[in-house]
Amino acid sequence: MKIALCLLVKNELPCLKVMLPRIQTELAKVKFESIYAIDGGSTDGTLEILADYKIPVLSQSKRGRGQAFHVAFSEIMADAYLFYSPDGNEDEKDLGKFKQYLENGADLVIASRMCKDAFNEEDVHFFKWRKWANNAFNILANVLFRRSGSFVTDSINGYRAITKKATEILKLSAQDYTIEYQMTIRAFKHKLNIVEFPTIEGQRIAGETGAPSLQTGIKFLRRLYTELIGKD
């Protein structure tokens, strides 16, 4: 199976300086067939360090995390796509697990921050606002759309892999941060084989998240509604 590791980047130079050596160490063990970066318009030296590591870069013509996914689906020839944000949140040691589950027949593989033995970056705080909101959206997705298979604990997390065949079935349309939520919901609808495993979410190395909490929550509510009524 040809699996493409897709790095999602936009002005991530400080993070890439730390993460790229770690990623390369893991790739030497896992032996992925290809690695690409999908860039949302970096101006801080991100493109230059990717060139130093000889990582091909695909540029987005439009803004949005979902748009980055669509660039990968349309421009990379692969049997499956593994999406990775090299900001320190996502554990590079999990890369081999994705490959194992994909090769064993999973359509969609999600690294869960919410299941047993997992760790969410907010677990060190008393008030876990983002985690609680994610859990609420997750429960709604399971209750409203899951008709078979196990309860999915982290329907929103972006650290995930999906097969090419599954993308063709799901016909994803989201252009923004709701792309993963739409992916999980539609995988429920089509009764695809979804596999989760626990992951340890780290702290972001530098910079801030590009998804403001309130605006993102509103977008997730809209996505839930459009998927419920069957319209994009």
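For the pairs K54/K171; K131/K165; K31/K164, flag any whose C-alpha to C-alpha distance is greater than 27 Å.
Beyond 27 Å between Cα atoms: K54/K171; K131/K165.
Can you tell me the alpha carbon radius of gyration of the range 27-118 divided by the globular rule-of-thumb value 2.2 N^0.38 Å?
Cα Rg divided by the expected 2.2 N^0.38 Å: 1.17.
Counting only heavy atoms of protein chains, what accessible area per residue, in Å², does the range 131-216 have with a probe of 1.4 Å?
46
Please list 136-148, 106-118 highest first by mean number of surrounding beta-carbon atoms within 10 Å per residue.
The peptides rank, most packed first, as 106-118, 136-148.
Mind ranking 5-12, 91-98, 41-48 by how tightly packed they are, going by the mean number of other C-beta atoms within 10 angstrom, highest first?
Highest-to-lowest ranking by the protection proxy: 5-12, 91-98, 41-48.
Over the chain, with a Gaussian network built from C-alpha contacts below 10 Å, which listed residue (G88, G217, G149) shows the highest mean-square fluctuation?
G149
Testing the spin-label approximation: label points 7 Å from Cα along Cα→Cβ at K165 and Y225. State their distance in nm.
Between K165 and Y225, the label points sit 3.7 nm apart.
Pairs of alpha-carbon atoms within less than 8 angstrom and 6+ residues apart define the contacts here; what relative contact order does the chain have, in percent?
That works out to 24 percent.
Excluding residues on the same chain fewer than 8 positions from K62, give the lysines whose Cα lies under 16 Å from its Cα.
K10
Can you tell me how the range 10-79 classifies by the Cα gyration tensor, rounded, prolate or oblate, using a/c under 1.5 as the rounded cut?
Oblate shape, in that a/c is at least 1.5 and b/c is the bigger or equal ratio.
One-quarter of the Cα convex hull surface for the range 139-180, in nm²?
Value for the range 139-180: 3.6 nm².
Just the number, please: carbon plus sulfur as a percent of the accessible area of the chain, 1.4 Å probe, no ligands or DNA/RNA counted.
The C+S portion of the solvent-accessible surface of the chain is 55 percent.
May I ask you to list the trypsin sites (Lys or Arg not before Pro) in the range 33-79 that are in a DSSP loop and have at most 14 other Cβ atoms within 10 Å of their Cβ?
K54, K62, R63
Can you compute the modelled spin-label distance between L144 and R63, with each label point 7 Å from Cα toward Cβ, in nm?
Using points 7 Å along Cα→Cβ, the separation is 2.6 nm.
The values are calculated or read from the model by the stated rules, or taken from the named source; none is laboratory data. Model, not experiment: these values are computed from the prediction. Every residue, glycine as well, gets a Cβ built from its backbone with ideal geometry; the counts of neighbours run over all protein chains shown. Remember, those area values only see protein heavy atoms, side chains included, never the ligands or the DNA or RNA. Shrake-Rupley method; radii C 1.70, N 1.55, O 1.52, S 1.80 Å.
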